[in-house]
1. For residues in the range 60-83 being among the basic types (Lys, Arg) and more than 11 Å from the chain's Cα centre (by Cα), which is surrounded by the most Cβ atoms within 10 Å (Cβ to Cβ)?
2. Could you tell me which of the residues LEU119, LEU142, LEU66, LEU92 is modelled with pLDDT of 95 or more and outside any helix (DSSP H, G or I)?
3. Could you tell me which residue of the range 84-133 is surrounded by the most Cβ atoms within 10 Å (Cβ to Cβ), considering only residues that are over 15 Å from CYS68 (Cα atoms) and acidic (Asp, Glu)?
4. Which one is farthest from LEU52 (Cα to Cα), of the residues in the range 84-109 that are within 14 Å of the chain's Cα centre (by Cα) and of a type in the set (Gly, Ala, Ser)?
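The values are calculated or read from the model by the stated rules, or taken from the named source; none is laboratory data. None of these values were measured; they are calculated from a predicted model. Neighbour counts are summed over all protein chains in view; Cβ atoms, including those assigned to glycine, are modelled from backbone coordinates with ideal geometry.
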Amino acid sequence: MKTRAVLQVALVCLFGCVGSHSPSPASSEPSCSSSSPGCNSQQHDEAATAILPVELISKKRDGGELTCEEIRRFVTGFHTGEISDYQMTAMLMAIYIKGMSSSETAHLTKAMVDTGHILDLSALGDTVDKHSTGGGGEKVSLA
């Protein structure tokens, strides 16, 4: 449970930080299937070999763009406890400093969604979902 809570806090921080660095709206499909526009078979072949978290952190720190598979593996590894809190912190720092492309942001969002349970609310008709970071300062909700 601690890992999930840390993931949520880290990702709230990340999205707050990413917003100011993203140059354009997301334009690529946030799926990591080999047939999607954002991921090709070469990326999947490269990701098939074991990549250490420090290599991905260094890649981002040095201004590289992470593939959808690298992002998925990092988020999943953190969620399962294979990637430590301090490694996620280092990745978040690299992302804050170097920013993320719109495709990286889309792939990160998809990877985060895939770590949880997705509820099908289509039977309810139109629905609205409000997320909150908590705290006492949020007095108004607009839907």
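1. Of everything passing the filter in the range 60-83, LYS60 is surrounded by the most Cβ atoms within 10 Å (Cβ to Cβ).
2. When all the criteria are applied, what remains is LEU66.
3. ASP85
4. Filtering the range 84-109 for residues that are within 14 Å of the chain's Cα centre (by Cα) and of a type in the set (Gly, Ala, Ser), the one farthest from LEU52 (Cα to Cα) comes out as SER102.
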